[in-house]
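The values are calculated or read from the model by the stated rules, or taken from the named source; none is laboratory data. Predicted model, so just to flag it, every value in this text is computed and none were measured. All Cβ positions, even for glycine, are placed from backbone atoms using ideal geometry, and neighbour counts span all protein chains on display. Just the protein is used for accessible areas: all its heavy atoms, side chains included, with ligands, DNA and RNA removed. Shrake-Rupley method; radii C 1.70, N 1.55, O 1.52, S 1.80 Å.
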Amino acid sequence: MELNKIYDANQVEKKWYEFWDNKGFFKPNTLDKDSQPFTVLIPPPNVTGILHMGHVLNNTLQDIAIRFNRMKQRPTLWIPGTDHAGIATQNMVEKELAKEKITRHDIGREKLVEKIWEYKNQKGSHIIEQLKQLGCSCDWSREVFTMDENLTEAVKEVFIHLYNKNLIYKGKYIINWCPRCVTALANDEVEHEDKKGKLWYVRYPLENSSEYLIIATTRPETMLGDVAVAVNPNDERYKHLIGNNLLLPIANRIIPIIADDYVDKDFGTGCVKVTPAHDPNDYEIGLRHNLDKLIIMDEHGCINENAPKEYFQLDRFVARKMIIEKLKEENLLEKIDDHENSVGHCYRCDTVVEPYLSDQWFVRMKPLSERAIKVVEEGDIKIYPERWTKVYMHWMNNIRDWCISRQIWWGHRIPAYYCESCKEMIVAKEMPDICPKCGGLSFQQDNDVLDTWFSSWIWPFSTMGWPKKTPDLEYFLPTSLLITAPEIIYLWVARMIMATLEFQDKIPFNTVLLHGIVRDGQGRKMSKSLGNSPDPIDIINNVGADALRFSMVFNTPKGQDSFYSEEILETGRNFCNKIWNAFRFIVMNIDKTKITNEHSKESTNIGFISNNLSDLADQWIYSRLNQVIKDVDEHYINLRFNDAAQLLMQFIWDEFCSWYVEMAKERLTISPKVETTKFGVEFVLLDVMQTSMRLLHPIMPFISEEIWQLIKQIYLAPQCSSMKCESGLSMNEEALIIANFPEVKDEMINKKIDSEMSLIQETIVSIRNLRKQLNISPAVNINIVLKLSNETQNELYTKYQGYIRKLGKVDKIKMGIDAEKPSSSMVAVVQDIQIFLPLEGLIDIEAEKLKLQKQKEKLENELNIIQGKLKNEKFIMNAKPEIITKEKEKELEVATRLNTVLEVLSEL
RNA sequence: GGGUGCUUAGCUCAGUUGGGAGAGCGCUUGCCUUACAAGCAAGUGGUCAGAGGUUCAAGUCCUCUAGCACCCACCA
């Protein structure tokens, strides 16, 4: 079998994805009551969106959790779906229309909605296809869309239920209004930004007087809507004027001076103009004083007919300029100050938001929040990282009513109908036939649609078929894990908790994992305008989904921001290649027929290797492998995927490839003496490889499946489908994706073996170091002398000197307890072992002394610290016993090393 | 204005009940060693932001200071 020298993800990934999907591996394997399911809900991407790096991170994390639990043989379900994304999607289509100079009003509601559906159908599957390329193992047979028939039904059900419970009401209110999108925005949809602006000081003349009050304002154009000026009732400067009237400039209206506690005496001049229809605070003041609500702007942010004619239909900012000019002309502008204040912008189009008085629908949130607070407080729902629970609680405790109506056309239309004759409002799923009040027969449905989040907050059960009673709903709710970004804690996470408690009497999920945003190499947010946001599909086409996934996870500590850059991507790409080549080495060196034959003799069942596992390297790699299984398993469970990735890379690359495979070469090629030994090496190589692929599969599903399948295909005798190895794993599953996750065999973790191996390894490293110091070419073999300190070491080194020769490129080794230091030589010290590299020519004794002197100082320092501790009575009294034992062991070790160094020094 | 975090190697960051300072990338040096140059080998590099405190012991806990980030909020 010929394998490509460089791993080619393109030839691998598509093939396996189709295989998995066709075999139905993404579906839960059972709905058996005795098994505990593992369920994840996808945060639905915009149906017409395209994949960006944030999606990559988010969905990779979900897929890892899903694949891990699937391999743990739990019934596993990842429900996919997309969101209709009201404003965003409608904007896209309106933009298209604008190219042909058509507005939505030209074609009307029905036609626009039709066009958006067309647009949706054309773009809708795009992001789903992209998620598949990323490897996401969602159950596509359960895919939903927020405007599917059933989900629409669910939305209506929820609306009506809440309306009947008096938890939804219609009211007039000052809301945030985007004049460009021509719709209300929820508080969460407004982004505040500190901007340098101006504070204009305007003179308002007193009626029948030459005196005036000075009013400071940041929005002079709203003075057209002023209905009063307010001062603090305790403000001595103005007390006497309360109840008097002012002549409002420009509009030329008479307005009263009123007193209200809201006014801060120390800000500006202490006088506030009151514009109830265009400022939320003023609205409140207006209510208290029973003032008119004079609306002077239309829905596009242009001045309306309630203002003087010359401003009619002018944009608010144009009007502002003109008003300022006019005030200057009339000498009514006292002064202009620079002023920094926070200006709200539309999160969709960045237009400055206008406070606007209009009819809107609201959900009363307070009654819903109580249980939602409790379930988090009591730990029924766990939020990671934990600090976000505070954020959640703060919002919940200060919750406000939720404005759910939007003045757009794309979305779930509010199920409220108005009788055309008597204006009676009826809330119902379908248009009523007859008005219960007047008997009228024709009705008009409310024009507004619901906030997109109104269909998202019921996601945990609408996706499972509610309001129908489905087996899914029964079995998979509450779900196990929600993975999302902290920026939508309020918008989505908190609301799902409230809705699911209200409608299902259950929590929606047990655990919430919040991850950070993806930044570029310089720590900047990814954004279109910066041009630092790469197309993930390009990356996948280039290096493969595995490399992308691994790189993302590797750089994403739990709950932290992650960083993406091309260098980071190389980590994953190079790792793929490393794994691939390790496998290539196996294929090139292990005889297929022999393995197959030996195997069919059943000689490789459990027990065979154990009996023959006499080699240190074999024992060591299994010791390490099992430790790694244990740790990786914990990391996956604790959602510490980056730790799992890091550990796996370290194990496969450093321990398996750099040490075990290198040592295996010695046995495979240099001394093929004992057949069983050699056979053992071959088997261990295969076994560790296949076990590693299992561990790695959740993060790198494609390359792991490819290699696992190739091992089966090449090495498994057809007549014997089970290859039982020391890892205790057979390979009789049809695919790795549904194979068992490895289970740790504690008895194979062996500290003694580990330390024997590290002694050999340290020895080899020291020899290489000596060579390097002398600039000896890697092509040249050297001779060394090893002075050992006891018989155990003697046995160990005698037995495994082959490794030292091979890995240290050593020809002759003279070793023993009595080995003598050659007269002219370089020296290195490993624990209590002395390594000499004899020199033919001159040796720089001074340089050698200096090196050893440094070591000596370091060791002495260390020893002093340890002995200081041990002499400290308080330490002995207070420290835990195991710490003291550890310190004593350390003392002995350091002292031994120091002695060895001193010994060598004295001989020099 | 309120809140939450962050400050550890040149860069980006780990460091989970306090007990031997880590990773990736970068850098230096030498190697195409028969799996891999997307590689191998050997190295360099840190007053853990600053000050104080608790403790036998502090990167880790407490207080303060400085700098930074993010979130929330109606200051005209």
Of the residues in the range A:177-192, those that are open to solvent by 80 Å² or more (accessible area, probe 1.4 Å) and either small (Gly, Ala, Ser) or away from RNA strand B (no atom under 12 Å from the Cβ) (or both) come to A:Arg180
So which pairs qualify, if the first residue must be in the range A:760-783 and within 29 Å of A:Gln619 (Cα to Cα), the second must be among the basic types (Lys, Arg) and open to solvent by 50 Å² or more (accessible area, probe 1.4 Å), the Cβ gap must be under 6 Å, and the two must be at least 6 apart or on different chains? A:Asn781/A:Lys809; A:Asn783/A:Lys812
Within the range A:36-53, which residues are in a loop (DSSP other than H, G, I, E, B) and either within 16 Å of RNA strand B (Cβ to nearest atom) or open to solvent by 50 Å² or more (accessible area, probe 1.4 Å) (or both)? A:Gln36, A:Ile50, A:His52
Condition set in a helix (DSSP H, G or I) and among the basic types (Lys, Arg), scope the range A:62-100, selection nearest to A:Ile404 (Cα to Cα): answer is A:Lys95
Looking at the range A:14-35, can you tell me whether even one residue there is open to solvent by less than 30 Å² (accessible area, probe 1.4 Å), within 16 Å of RNA strand B (Cβ to nearest atom), modelled with pLDDT of 90 or more and of a type outside the set (A, V, I, L, M, F, W, C)? no
Hits in the range A:877-903 - residues which are outside any helix (DSSP H, G or I) and aliphatic (A, V, I, L, M): A:Ala879
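Where residues in the range A:376-402 are under 14 Å from A:Thr511 (Cβ atoms) and part of a strand (DSSP E or B), which of them is farthest from RNA strand B (Cβ to nearest atom)? Give the steps one after another, and end with the answer.
Quick first cut of the range A:376-402, residues under 14 Å from A:Thr511 (Cβ atoms) only: A:376, A:379-386, A:388-389, A:392.
With part of a strand (DSSP E or B) added as a condition, the list becomes A:382-384.
Numbers: A:Lys382: 14, A:Ile383: 12, A:Tyr384: 10 Å.
Looking at residues that are under 14 Å from A:Thr511 (Cβ atoms) and part of a strand (DSSP E or B), I get A:Lys382.
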Output for the range A:229-254, where each listed residue is touching a helix residue (DSSP H, G or I) at 6+ places or on another chain (Cβ under 8 Å), under 19 Å from A:Asp292 (Cα atoms) and away from RNA strand B (no atom under 12 Å from the Cβ): A:Leu248, A:Pro249, A:Ile250, A:Ala251
Looking only at residues that are surrounded by 17 or more Cβ atoms within 10 Å (Cβ to Cβ) and not aromatic (Phe, Trp, Tyr) in the range A:305-319, which one is farthest from the chain's Cα centre (by Cα)? A:Ala307
Taking the stated definitions as given, is A:Lys195 within 28 Å of A:Ala230 (Cβ to Cβ), exposed (fewer than 15 other Cβ atoms within 10 Å of the Cβ), within 16 Å of RNA strand B (Cβ to nearest atom) and touching a residue at least 12 places away in the same chain (Cβ under 8 Å)? yes
Within the set of pairs 6 or more residues apart or between chains, which connect a residue that is under 10 Å from A:Ile64 (Cβ atoms) inside the range A:640-654 to a residue that is near RNA strand B (Cβ under 10 Å from one of its atoms) and polar (S, T, N, Q) with Cβ atoms less than 6 Å apart? none
Pair list, Cβ under 7 Å, 6 or more apart: the range A:106-133 residue open to solvent by 30 Å² or more (accessible area, probe 1.4 Å), other residue among the aliphatic types (A, V, I, L, M): A:Lys115/A:Val93; A:Lys120/A:Val47; A:His126/A:Ile50; A:Gln133/A:Ile537; A:Gln133/A:Ile540; A:Gln133/A:Ala545
Lone qualifier among A:Lys812, A:Lys874 - being within 15 Å of RNA strand B (Cβ to nearest atom) and either of a type in the set (D, E, K, R) or outside any loop (DSSP other than H, G, I, E, B) (or both): A:Lys874
Just a yes or no: is a residue in the range A:818-840 in a helix (DSSP H, G or I) and either among the β-branched types (Val, Ile, Thr) or touching a strand residue (DSSP E or B) at 6+ places or on another chain (Cβ under 7 Å) (or both)? no
Residue ID - farthest from the chain's Cα centre (by Cα), chosen from residues in the range A:262-277 that are near RNA strand B (Cβ under 6 Å from one of its atoms) and among the hydrophobic types (A, V, I, L, M, F, W, C): A:Val272
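Yes/no per residue for (1) surrounded by 14 or more Cβ atoms within 10 Å (Cβ to Cβ); (2) within 12 Å of RNA strand B (Cβ to nearest atom):
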position	(1), (2)
A:Asn775	no, yes
A:Asn783	no, no
A:Lys787	yes, no
A:Gln801	yes, no
A:Val830	yes, yes
A:Ile833	yes, no
A:Asn861	no, yes
May I ask you to say which residue of A:Lys132, A:Lys156, A:Lys170 is basic (Lys, Arg), under 30 Å from A:Lys366 (Cβ atoms) and assigned to a helix (DSSP H, G or I)? A:Lys156
Does A:Val272 satisfy the criteria of being out of contact with any Leu (no Cβ under 7 Å at 6 or more places or on another chain), outside any loop (DSSP other than H, G, I, E, B), within 26 Å of A:Pro308 (Cα to Cα) and not small (Gly, Ala, Ser)? yes
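Name the helices (runs of 4 or more DSSP H) wholly inside the range A:447-526 in which the number of residues that are open to solvent by 10 Å² or more (accessible area, probe 1.4 Å) and within 21 Å of A:Val47 (Cα to Cα) is 1 or more. Steps first, answer last, please.
Working: elements: A:453-456, A:459-462, A:471-476, A:495-504.
Per the criteria, A:453-456.
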Taking the range A:248-296 and the residues there that are under 20 Å from A:Ile323 (Cβ atoms) and of a type in the set (Lys, Arg), the one that is surrounded by the fewest Cβ atoms within 10 Å (Cβ to Cβ) would be A:Arg253
If I filter the range A:330-346 for residues that are in a helix (DSSP H, G or I) and either over 30 Å from A:Leu162 (Cβ atoms) or hydroxyl-bearing (Ser, Thr, Tyr) (or both), do I get at least one hit? no
Every listed condition ((1) of a type in the set (Gly, Ala, Ser); (2) in a loop (DSSP other than H, G, I, E, B); (3) more than 30 Å from the chain's Cα centre (by Cα)) holds for A:Ser358 save (2)
Can you find, within the range A:712-744, the residue that is surrounded by the fewest Cβ atoms within 10 Å (Cβ to Cβ) among those that are at pLDDT below 90 and charged (D, E, K, R)? A:Glu734
Among A:Arg364, A:Arg371, the single one that is within 30 Å of A:Cys181 (Cα to Cα) and either without any contact (Cβ under 8 Å) to a residue 24 or more places away in the chain or in contact with a Leu (Cβ under 9 Å, 6 or more places away or on another chain) (or both) is A:Arg364
The condition of being closer than 29 Å to A:Arg624 by Cβ and touching a Lys or Arg at 6+ places or on another chain (Cβ under 6 Å) holds, among A:Gln793, A:Gln834, A:Gln761, only for A:Gln834
Positions within the range A:201-225 being more than 9 Å from RNA strand B (Cβ to nearest atom), buried (at least 21 other Cβ atoms within 10 Å of the Cβ) and free of Cβ contacts under 8 Å to residues at least 60 places away in the same chain, in sequence order: A:Leu213
Hits in the range A:844-859 (condition: closer than 29 Å to A:Ile884 by Cα and open to solvent by less than 50 Å² (accessible area, probe 1.4 Å)): A:Lys856, A:Leu859
